[in-house]
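Bear in mind that the values in this text are calculations on the coordinates, not laboratory data. Quick caveat, the model's predicted, so the values are computed rather than measured. Cβ placement follows ideal geometry from the backbone for every residue including glycine, while neighbour counts extend to all protein chains displayed.
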Amino acid sequence: MWCEDEARLGLKPITRRVWALKGTRPPSNGRHRFESVFVYGFAHPASGRGRFVIQPKANAECMGRALAAFARWADPSGRKVLVVIVDGSGGHTAKKLAVPANVVLHRLPSCTPELQPAERLWPLVREGLANRVFDDLPALTDTLTARCAWLADHPKVLGGAVGFHWAVAA
């Protein structure tokens, strides 16, 4: 059993508290740019394995591409059935969503983000971008790709975030 969710990350800075000397103001960037990309995150609660796919939009076509990339990665031979927990967003319920043959989507009830283990991925991803300013989407995407690769290489970190007791037991 796997879980999936997507998040939008863009050029608008993610701000966190910072230390500064007494009597000085810390540097800040109030720039507002609204270009963004979407990160599709797949996680296995029992093992902590994870896969991230960066797409330009959140729609049925991009969701289909993300599912296909995930299925090729999680089961290259195509012999297993991959059950993926998803929420009820439009990209997950669209009639033209292309779901790979070995993937079964299990939709959670509406308005229940607390039941979605993959929701806990986004603070981990955003922390790698906090207090940083990017001039364009390729610079953001490079940093985002490196952060997602680091998270994928550290299953204990991912497992600690998405390891809901009911998801691990399933």
Check your understanding: When you count, for each residue, the other Cβ atoms within 10 Å and take the mean per peptide, how do 100-106, 57-63 rank with the highest first?
Key -> 57-63, 100-106
Exercise for review: Return, ordered by residue number, the residues of segment 57-85 whose backbone nitrogen is under 11 Å from a label point located 7 Å along Cα→Cβ of Ala101.
Suggested key: 78-79
**Study point:** For Trp2, residues with placed amide H under 5 Å, excluding near neighbours
**Key:** Val83, Val84, Ile85
Check your understanding: With contacts defined as alpha carbon pairs under 8 Å and 6 or more residues apart, what's the relative contact order of segment 1-45 in percent?
Key -> 65 percent
Revision key, fill the gap. Rounded to a whole number, the Stokes-Einstein D of segment 79-170 in µm²/s (Kirkwood radius over Cα pairs; 37 °C; 0.692 mPa s) is 211 µm²/s
Check your understanding: For P(r) over Cα pairs in 5 Å bins from 0, in percent, the listed values are (i) 2, 10, 19, 23, 23, 16, 7, 1, 0; (ii) 2, 8, 14, 19, 19, 15, 12, 8, 3, 0, 0; (iii) 1, 8, 16, 20, 19, 15, 9, 5, 3, 2, 1, 0, 0; which was obtained by calculation from the structure presented?
Key -> (iii)
Review point. Per-residue ellipticity at 222 nm for the chain, helices alone: DSSP H runs ≥ 4 residues times -39500 (n - 2.57), over residue total, nearest 500 deg cm²/dmol?
Key: -9000 deg cm²/dmol
Exercise for review: With a 10 Å radius around each residue's Cβ, average the other Cβ atoms per peptide and rank 145-154, 41-50, highest first.
Suggested key: 41-50, 145-154
Check your understanding: How high is the relative contact order of segment 1-127, given as a whole-number percent (alpha carbon pairs under 8 Å, six or more residues apart)?
Key -> 27 percent
